[in-house]
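Read through the structure below, which is laid out as structure tokens, and then see the notes.
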Amino acid sequence: MHLATEQSTATSRTLPRAMRVLVWLCALLFTVGLLLSSTHHHDLADVKTDCVSCHAAGNPLSDLPPVNAVLMAVLLAVAYVLARLPVYSFAPAPSYLIPARQAPPAVPSLR
């Protein structure tokens, strides 16, 4: 966290004073423009499509289309049944994990 603070102050010190003033001026103009675009009043007789703010506010982002309640109930029932099905999991017995015994080769008897 301390490193991020040092980096942010180091870059602001290296910028020339005129550039910092220009950045602050741009930020101030953007903020004022944003506030003014959200608070406006016009007559009811005006065409609202001529106003940029009214046009942007009148077209909200598209949402998902409505789903039939019966279809949603069927999908949820199928999902519930599929979630309740037993899941096969392989758990090897410990004997499979132990390697087979190994011994030296048998010596033939000399009888």
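The values are calculated or read from the model by the stated rules, or taken from the named source; none is laboratory data. Computed from a prediction, not measured in an experiment: that's the story for all the values here. Please note: Cβ atoms are built from the backbone with ideal geometry, for glycine as well, and neighbour counts cover all protein chains shown. The accessibility values were calculated without ligands, DNA or RNA, using every heavy atom of the protein model including side chains. Shrake-Rupley method; radii C 1.70, N 1.55, O 1.52, S 1.80 Å.
Values for this structure:
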| read-out | value |
| --- | --- |
| Where a residue in the stretch 20-39 is in contact (Cβ under 8 Å) with a residue 40 or more places away in the chain and its partner, wherever it lies, is open to solvent by 90 Å² or more (accessible area, probe 1.4 Å) and part of a helix (DSSP H, G or I), with Cβ under 6 Å and at least six apart | none |
| Search result, residues across the stretch 76-111 that are modelled with pLDDT of 75 or more, open to solvent by less than 100 Å² (accessible area, probe 1.4 Å) and either outside any loop (DSSP other than H, G, I, E, B) or touching a Phe, Trp or Tyr at 6+ places or on another chain (Cβ under 7 Å) (or both) | Ala77, Val78, Ala79, Val81, Ala83 |
